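K.L.:
Next up is a structure, given as structure tokens.
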Amino acid sequence: MPHLYRISPLGPTNPTTLSPPSPGTAPVLMAAKVISSGIRYTTLPESYVRPVNDRPNLSEVSNCDDVPIIDIGCGDRHLISQQIGYACRRYGFFQKELTWRTINQVVNHGVPDEIVQKMQQVGKEFFLLPIEEKMKHYSEDPAKTMRLSTSFNVQKEQVHNWRDYLRLHCYPLDQYSPEWPSNPSYFKLTHVEKSIRIREYVGNYCTAVRDLGMRILESISESLGLQKEQIKTILGEQGQHMAINHYPVCPEPELTYGLPGHTDPNALTILLQDTLVSGLQVLKDGKWLAVKPCPNAFVINIGDQLEAVSNGEYKSVWHRAVVNSDNPRMSIASFLCPCNDSIIRAPEEIIKDGSKPVFKDFTYAEYYKKFWTRNLDQEHCLQFFKNQ
Ligand code: OGA
Ligand code: NI
């Protein structure tokens, strides 16, 4: 956790010169739980400082200029699955060119592209709320289906990460949306615009992203030579979570991470990057490369479950988020997660004759439990499920 400092009414302060708060400074204590508290740090609190051999070395990172961009609305299913197969084999991630018109054609639900902007606006406004308001949702319990939290796994990790996040379960929508924050008000507000009834900005975003994810899973299935529905069938009735990640301005970005290198534990991640501020980096051929924001595109990550279902043919991509000292950054990650009791197993068709599957069978519930008992810096979670 950040150290506790008194907030000076005179504005930004240098925490290193301040004494710990005295009793009766509850807002300060609360503020200390998250980093989007309004405190402006001039030095990085010690608990965020990484050891010298584990720092982002930002000057050595170059841009990834060739992130595959796939136009999923082009109408040619064969071409799409070919391109997705190539991207998954070579990169493990790709960007999907997205205009909402394309999405509308795909899912035919008439969501205007304003939904993406509104989603971003909701996320930004949430993190601008007064600390007392945000802290109503604070929890460090990963089992909670709606919570504001910070870093990654504050109870397990040794060094913290320069990130706050609001995590929501999003499917089934009717089950989870009632527990979402009601501030900012249009998080859930019913709204009518140009005679289209927009039920909820965030809800609509979730539905559209889910449809997109399902289409991508179909193409991934076909790209592995499987039936279109086969991977979806293995994953069962998938859950959906969203993390609205907020990375405040960081006084010493060379010393810490927003999120250290990790792979996502779920099946597929659909990431909406900040439109202006970079921060996502992916590991390719042993080097970290920056994925610059691309307008109208989502970044699609293969997660651990697809690595297992593809028998290791598609790799769950290593990625991280770095921070900067100029601008706050927001990203919105949507995670498609297998049904808790679905058995994660590569279909026989893709296991070479006579060879053992790369991974043991497991349920997603088992995997997820294991994932949260660790921290991101430890051995990769899939290693625990490998066949010897
Ligand atoms: C994540 C993640 C990257 C980013 O939330 O799992 O990897 O750019 N986010 O915020
Ligand atoms: Ni991630």
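K.L.:
Could you list, in sequence order, all residues of segment 344-355 that are without any contact (Cβ under 8 Å) to a residue 40 or more places away in the chain and closer than 23 Å to GLY213 by Cα?
P.N.:
Start the filter on segment 344-355 by keeping residues that are without any contact (Cβ under 8 Å) to a residue 40 or more places away in the chain, which leaves 346, 348, 352-355.
Correct list: ALA346 only.
K.L.:
Is it true that some residue in segment 306-316 is within 11 Å of ligand 2 (Cβ to nearest atom) and over 28 Å from LEU173 (Cα atoms)?
P.N.:
No: zero hits.
K.L.:
Using the structure shown, decide if SER37 is of a type in the set (Gly, Ala, Ser), at pLDDT 85 or above and assigned to a helix (DSSP H, G or I).
P.N.:
No.
K.L.:
Only one residue in VAL291, VAL323, VAL358 is within 23 Å of GLN117 (Cβ to Cβ) and touching a residue at least 24 places away in the same chain (Cβ under 8 Å), so which one is that?
P.N.:
VAL291
K.L.:
Here's a follow-up. Here is a check on your reading of the model: is GLU132 modelled with pLDDT of 85 or more, touching a Pro at 6+ places or on another chain (Cβ under 8 Å) and not polar (S, T, N, Q)?
P.N.:
Yes: the conditions hold for GLU132.
K.L.:
Moving on. Specify the residue that is nearest to ligand 1 (Cβ to nearest atom); the eligible residues are those in segment 260-282 that are within 27 Å of LEU44 (Cα to Cα) and of a type in the set (S, T, N, Q).
P.N.:
GLN273
K.L.:
Just give me the residues in segment 135-161 being touching a helix residue (DSSP H, G or I) at 6+ places or on another chain (Cβ under 7 Å), modelled with pLDDT of 95 or more and under 15 Å from ALA243 (Cβ atoms), in sequence order.
P.N.:
Within segment 135-161, THR145, MET146, LEU148 qualify.
K.L.:
Anything in segment 49-70 that is touching a Leu at 6+ places or on another chain (Cβ under 7 Å) and surrounded by 13 or more Cβ atoms within 10 Å (Cβ to Cβ)? List them, or say none.
P.N.:
Of everything in segment 49-70, those that are touching a Leu at 6+ places or on another chain (Cβ under 7 Å) and surrounded by 13 or more Cβ atoms within 10 Å (Cβ to Cβ) turn out to be VAL49, ARG50, ARG55, VAL61, CYS64.
K.L.:
What number goes with the only condition from (1) away from ligand 2 (no atom under 16 Å from the Cβ); (2) within 17 Å of the chain's Cα centre (by Cα) that PHE359 does not pass?
P.N.:
(2)
K.L.:
Given (1) within 30 Å of ASP274 (Cβ to Cβ); (2) without any contact (Cβ under 8 Å) to a residue 24 or more places away in the chain, identify the lone condition not met by GLN388.
P.N.:
Here GLN388 meets the rest and fails (1).
K.L.:
With a cut-off of at least 1 residues that are polar (S, T, N, Q), farther than 28 Å from GLU313 by Cα and within 16 Å of ligand 1 (Cβ to nearest atom), name the strands (runs of 3 or more DSSP E) lying wholly within segment 141-259.
P.N.:
Details: elements: 146-150, 164-169, 191-193, 196-198, 239-247.
Where strands (runs of 3 or more DSSP E) fall fully within segment 141-259 and carry at least 1 residues being polar (S, T, N, Q), farther than 28 Å from GLU313 by Cα and within 16 Å of ligand 1 (Cβ to nearest atom), they are 146-150, 239-247.
The values are calculated or read from the model by the stated rules, or taken from the named source; none is laboratory data. As the structure is a computational prediction, the values presented were derived from the model and not from experiment. Cβ coordinates were reconstructed from backbone atoms using ideal geometry, including for glycine residues, and neighbour counts include every protein chain displayed.
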